[in-house]
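Shown next, in structure tokens, is the structure this report addresses.
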Amino acid sequence: MQKFYIHLVSDSTGTTLHGLTRACLVQFDDLHPTEKFWNMIRTEKQLDLVLKGIEAQPGPVVFTLVDNKLRKKLKNRCREMKIPCTAVLDPMIKALSHYLEQEPKGMPGLQHKLDDQYFDRIDAVEYALDHDDAKVLDGLEEADVILVGVSRTSKTPTCMYLANRGIRAANIPLVPKVQYPEDVFTIEGPVYVGLTESPKRLQQIRKSRLSNPEGQLDMLSKDNKYLDEDAISDEVRNARKLFSRNGWPVIDVTRRSVEETSAEIITLLSRYKPELEIH
């Protein structure tokens, strides 16, 4: 396994840079990178500390700095140390600048300013928390999307991920013998999305969730059908019938990350609710 340091230098929170770096690293096998985060770097004094860190633990440098003076200093010093140094946003900014015939503002952290989009995201997170697992059925008409699925189909984390994109997401768990009012599944406005998963994988996840620290399953869980594969298969089958009856799009989340599921939901929202602003 190849071990190395990689330095992430940002003049803001580093979230964008971290995501881009991770997306690139997964394309390579047998890596063990140690990520060194250098966030909110906006002065030469701060950059000097970064350069000392790079010199002490050499490794590739990726950065999102917009200040030309800091950029030049970082690139020149890395060149002297014979260390690769990449401005990851430059190609996209240059392409947009050329197409739009505008010069970029060159101001750090603009995507994190306290504007309407920021408060939209906060509002969406509060909405997702209030409407998690059908705790509150009132106000479902205000949702952008309602996720429906059996237990352990990643409904809650997916809703929270979507909320951080400014999407008001609610979720309704399908639990055997639990009945909801008929109109819960026919509300006009929100896009309903059914989430499903293979029974075998659901059984594995449920067992893992119900195990105590010693690895023994809670005795109560052994006596009910929550972990029985045949019962789980019935749950999944009944859920699919509900999805089909209502004509909802369905996403199979088996072995799929929350990010991948959310990306597919965002694509669906772009199709069914083109007026929705996604941050």
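From a point 7 Å beyond the Cα of residue 39 in the direction of its Cβ, which residues of region 57-83 have a backbone N at a distance under 18 Å?
Hits in region 57-83 for residue 39 at 18 Å: 62-66.
I'd like to compare 79-87, 149-157: which one has the highest average count of other Cβ atoms within 10 Å, and what's the full order after that? Walk me through the numbers on the way to the answer.
Working: 79-87: 13.1, 149-157: 21.7.
Packing order, densest peptide first, comes out as 149-157, 79-87.
Under 4.7 Å Cβ to Cβ, no partner at all: give me those cysteines from the chain, in residue order.
Taking the Cβ cut-off of 4.7 Å, the unpaired cysteines of the chain are 24, 159.
If you put +1 on each Lys and Arg Cβ and -1 on each Asp and Glu Cβ, how big is the dipole of the chain around its Cα centre, in Debye rounded to 20?
Working: 39 positive and 42 negative charges, 285 e Å.
The calculation lands at about 1360 debye.
Can you pull out the chymotrypsin sites (Phe, Trp or Tyr not before Pro) in region 1-95 that DSSP calls coil and that have at most 15 other Cβ atoms within 10 Å? Don't skip to the end; give the middle numbers.
Working: sites: 4, 5, 28, 37, 38, 63; in loops: 28.
Answer in residue order: 28.
If I model a spin label at residue 76 and residue 275 as a point 7 Å from the Cα along the Cα→Cβ vector, what separation in nanometres do I get?
With each label point 7 Å from Cα toward Cβ, the separation is 5.4 nm.
Quick check: Cα centre of region 136-198 to Cα centre of region 37-65, how many Å?
43
Fewest first, what order do 253, 236, 148, 88 take by the number of other Cβ atoms within 10 Å?
Working: 253 22, 236 19, 148 26, 88 16.
Neighbour counts put them in this order, fewest first: 88, 236, 253, 148.
Points 7 angstrom from Cα along the Cβ direction at residue 242 and residue 183: gap in nanometres?
1.9
Enumerate the lysines that residue 177 could reach by cross-link, defined here as Cα to Cα under 16 Å, with residues fewer than 8 away along the same chain left out.
Within the straight-line cut-off, residue 177 pairs with 225, 241.
Using 0.36 nm per residue of separation minus the Cα-Cα distance, give me the extension gain between residue 234 and residue 204 in nm, one decimal.
On the way: separation 30, 0.36 × 30 = 10.80 nm, distance 1.62 nm.
Contour length minus the Cα-Cα distance gives 9.2 nm.
Rounded to the nearest 0.05, what FRET efficiency do residue 101 and residue 2 have when you use their Cβ-Cβ distance and R0 = 41 Å?
Values: r = 44 Å, r/R0 = 1.06.
That gives a FRET efficiency of 0.40.
Relative contact order of the chain, please, whole-number percent, based on alpha carbon pairs below 8 angstrom and at least 6 residues apart.
Details: 383 pairs, mean separation 39.3, N = 279.
Averaging sequence separation for qualifying contacts and normalising by length gives 14 percent for the chain.
Each value in this text was obtained by applying a stated rule to the coordinates, not by laboratory testing. Worth saying up front: this structure is predicted, and the values here are computed from it rather than measured. Ideal geometry is used to build each Cβ from the backbone, glycine not excepted, and the neighbour counts take in all protein chains shown.
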